[in-house]
Amino acid sequence: MSTSAPDSVDETAGIESEVADICRRARAASRRLALVSDRQRSDALLRIARRVRSDAATLAHANAVDVEAGRSAGLSGALLDRLTLTPERIEAMAAGIDVVAALPDPLDGAIAEWTTVRGLEISQVRIPLGVVGVIYESRPNVTADVAALCLKSGNAALLKGGKEAIHSNSAIADLLSAEICAAGLPPDSVQLLRSTDRRATKALLRQDATIDVIIPRGGPGLVRAIAEHSRVPVIRHYEGICHTYVDAGADLAMASDIAFNAKVQRPGVCNAMENLLVHADVARPFLEMLAPRLREAGVELRGCERSCAIVPGMRAASDEDWRTEYLDLILSIKVVDSLDEAILFVNDYGSGHSDAIVTRSRENAERFLREVDSATVYENASTRFTDGFEFGFGAEVGISTNRIHARGPMGLRELTTYKYVVRGQGHVR
């Protein structure tokens with residue numbers, strides 16, 4: 001008789017016990033952290049930013065191990081790009097932490113205050129969410145970004161990165177732990193689950209008594225699996241199927257630059273453009289201007305019948321193409337006859353992430369911004385700006401396509417909730 005089953009049961013029980021203990025420690029830390037002053041939290045972040053810079057070589061070495069393993073495992077170019085920590089990205093990580101440290105205290109002051117007809121004085125005040133669990137793939141900078149935002153907002157963070165970034169995440173978590181302790185914050189304020197066993201993730205999703213929210217960051221498969229199996233509330237971010245619509249009244253040179261940036265600047269991220277819509281009145285001159293630029297940059301073009309007639313050699317797009325987040329140098333192009341058709345297409349095929357119009361028409365811009373149902377809508381700008389750092393948040397814990405609690409880049413404010421403080425003078429009802 002095989003003995004593997006009892007061993008497996010024992011291993012699972014051990015993993016669940018370890019995860020439960022980590023979560024209990026996070027809950028205890030969150031209660032202490034909520035009482036720490038903003039100055040102490042910000043000082044800790046400044047220490048962490050300095051340490052990121054001084055340990056840049058250590059982080060780069062750990063990351064190189066992950067990148068080489070990922071390349072050997074056949075990770076796609078987009079995933080390898082997300083995984084890689086260049087010197088510029090390490091500096092951006094530190095700079096983001098500095099920005100978060102300098103932001104106003106998200107817990108300071110009342111949201112609203114009033115006195116009832118019975119004389120009760122009521123204040124609505126911001127408080128931390130509590131314990132924030134983040135499950136993410138590939139991007140090791142998320143470890144530092146999430147830790148910074150959670151510390152600044154008084155939340156404890158539980159981080160579960162993908163196995164492809166385990167060395168990078170561990171190196172970042174080590175310096176976080178050292179500086180958190182040195183700053184006098186609760187040692188368990190930020191914890192990384194270092195097990196690469198999927199059972200650890202499943203165990204984390206069952207900790208509804210100690211975790212307040214789970215935020216998944218990764219592909220749609222990961223997000224759906226977490227949303228389906230989690231007992232903890234989940235703030236979801238599905239695909240980033242982002243559109244740029246070039247209106248009949250657009251400055252075509254501007255539109256070309258915006259569309260090129262939205263697709264090519266970093267195609268493997270969720271705010272990159274996947275579908276380009278062009279009004280029929282400007283389709284020929286615009287596509288004849290843009291298509292050679294895109295092809296020179298290595299972009300594969302797929303299009304509707306009318307766009308294929310304008311750009312020779314373009315592959316015909318299927319209905320599935322319009323619904324696909326490529327995260328790669330692939331772009332689907334459709335010619336439309338009106339702003340109405342463009343808005344309808346975006347709302348039907350988009351994922352509610354980020355969509356843009358390029359136009360000179362104030363009326364058309366306002367209609368697009370009002371009627372497109374996405375977390376972020378743009379007039380004459382690239383969708384690549386949907387980012388916590390670009391929005392002035394310092395970093396982001398994720399980009400939510402939910403409609404409840406948080407939508408778009410989630411910064412400090414989105415990591416808080418509120419409670420009511422009611423003061424009376426012997427009031428009874």
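None of the figures in this text is laboratory data; all of them are computed from the coordinates on show. Quick caveat, the model's predicted, so the values are computed rather than measured. All Cβ positions, even for glycine, are placed from backbone atoms using ideal geometry, and neighbour counts span all protein chains on display.
For the peptides 291-303, 150-162, the ranking by mean Cβ contacts within 10 Å, running from highest to lowest, is 150-162, 291-303.
For VAL422 and ALA28 in the same chain, what is the full-extension length gain: residue separation times 0.36 nm, less their Cα-Cα distance, in nm?
Details: separation 394, 0.36 × 394 = 141.84 nm, distance 2.59 nm.
Length gained between VAL422 and ALA28: 139.3 nm.
Is region 197-271 best put as rounded, prolate or oblate by its Cα gyration tensor, with a ≥ b ≥ c the root eigenvalues, rounded for a/c under 1.5, and otherwise prolate when a/b is larger than b/c, oblate when not? Walk me through the intermediate numbers first.
Details: a/c = 4.54, a/b = 3.25, b/c = 1.40.
Prolate shape, in that a/c is at least 1.5 and a/b is the bigger ratio.
Show that you can apply the helix-only estimate: for the chain, add -39,500 (n - 2.57) for every DSSP H stretch of four or more residues, divide by all residues, and state [θ] at 222 nm to the nearest 500. Walk me through the intermediate numbers first.
Working: 15 runs with 191 residues, N = 429.
So the calculated ellipticity at 222 nm is -14000 deg cm²/dmol.
How many lysine pairs does the chain hold where the Cα atoms are under 22 Å apart and the two sit 8 or more places apart or on different chains? Before the final figure, lay out the partial values.
Working: LYS152/LYS160; LYS152/LYS419; LYS160/LYS202; LYS163/LYS202; LYS263/LYS334.
Within the chain, the lysine pair count is 5.
For the chain, the antiparallel share of DSSP beta bridges with both residues in that region comes to about 30%.
Which parts of region 198-218 would a label at ASP10 reach, counting a residue when its backbone N lies under 19 Å from a point 7 Å out along Cα-to-Cβ? Residues 199-200 qualify, since their backbone N sits under 19 Å from the label point. Applying the criteria of a DSSP loop state and at most 14 other Cβ atoms within 10 Å to the trypsin sites (Lys or Arg not before Pro) of region 307-363 yields ARG360.
With a cut-off of at most 15 other beta carbons within 10 Å, and DSSP calling the residue loop, which trypsin sites (Lys or Arg not before Pro) in region 207-249 qualify? Please list them. Could the numbers behind the result be given before it?
Working: sites: ARG217, ARG224, ARG231, ARG236; in loops: ARG231, ARG236.
The qualifying sites are ARG231.
In this structure, MET289 and ALA381 have a Cβ-Cβ separation that, at R0 = 25 Å, corresponds to a calculated FRET efficiency of about 0.85. Distance between the pseudo-spin-label points of ALA64 and ARG403 (7 Å out from Cα toward the beta carbon): 5.0 nm. Compared with the alpha-carbon gap, the fully stretched path from THR116 to ASN347 is longer by 78.9 nm at 0.36 nm per residue. Classify region 242-385 as rounded, prolate or oblate, taking a ≥ b ≥ c as the square roots of the eigenvalues of its Cα gyration tensor: rounded when a/c is under 1.5, otherwise prolate if a/b is larger than b/c and oblate if not. In terms of gyration-tensor shape, rounded. Protection proxy ranking, highest mean first, for peptides 128-139, 389-400, 111-122: 128-139, 389-400, 111-122, where packing is the per-residue count of other beta-carbon atoms within 10 Å, averaged.
When each of the peptides 349-356, 57-64 is scored by how many other beta carbons lie within 10 Å of its residues on average, the order from highest to lowest is 349-356, 57-64.
Our summary gives region 242-385 a relative contact order of 34 percent, counting only alpha carbon pairs under 8 angstrom and 6 or more residues apart.
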